[in-house]
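Notes to accompany the following structure.
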Amino acid sequence: MSTGKPDQIARAREAWGEGIPGEVLALAQACKAQTSRAVARRLGYSDAVISHVLAKKYPGDVAKVFATIRGSLMGETVDCPELGELRRDQCLRNQTKPFSSNNSASARLFHACRVCPHRQQKDVA
């Protein structure tokens, strides 16, 4: 009996083939268990980005999407020099926060992220 819901795992396997990355498989499994919109919201991406990654057609920074998937869906952690152990997706989110002088912890985190070995995005001059 079909529920009418597309099998995200089968679609991803068809697009990526035998060498399907673990991140794509985890993403497809999460989308099958929930909705792609709910997974997109959890990851901080649009539903379109999720669809394009599953279809192997995403033109953006796939490595960053994969790192977010590893943190949020696969439990990957990093050792933050300022906060200690935290999920990879949280690390990526912290890297994008603007400077804030509201408290010293935010300012220290901002500066630590700029030189951290876990930094995904390099600053553009």
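General remarks:
- The charge dipole of the chain, taken about its Cα centre with unit charges on the Cβ of Lys, Arg, Asp and Glu (plus for the first two, minus for the last two), comes to roughly 280 debye.
- Contact order for the range 53-125, expressed relative to its length and based on alpha carbon pairs under 8 Å spaced 6+ residues apart, stands at 23 percent.
- Where only alpha carbons of the range 9-48 are counted, the Rg and the Dmax (Å): 10.1, 28
- Within the accessible area of the chain (1.4 Å probe), percent carbon and sulfur: 52
- Using 0.36 nm per residue and subtracting the Cα-Cα separation, the extra length available between residue 64 and residue 46 on full extension is 5.1 nm.
- Probe 1.4 Å, protein heavy atoms only - accessible area per residue of the chain in square angstrom: 61
- Longest site-free stretch - the chain; sites: trypsin sites (Lys or Arg not before Pro), DSSP loop, at most 12 other Cβ within 10 Å: 58-121
- Each of 100, 28, 71 was placed along the dipole of the range 5-125 (beta-carbon charges, centred on the mean Cα), and the one lying farthest toward the positive end is 100.
- Amide H to amide H distances under 5 Å link residue 77 with 88, where only residues 5 or more positions off or on other chains count and H is placed in the peptide plane.
The values are calculated or read from the model by the stated rules, or taken from the named source; none is laboratory data. A quick note: this is a predicted structure, and the numbers were derived from the prediction, not measured. Note that we place each Cβ from the backbone using ideal geometry, even for glycine, and neighbour counts take in every protein chain shown. Areas reflect the complete protein model, heavy atoms only, side chains present, ligands, DNA and RNA absent. Shrake-Rupley method; radii C 1.70, N 1.55, O 1.52, S 1.80 Å.
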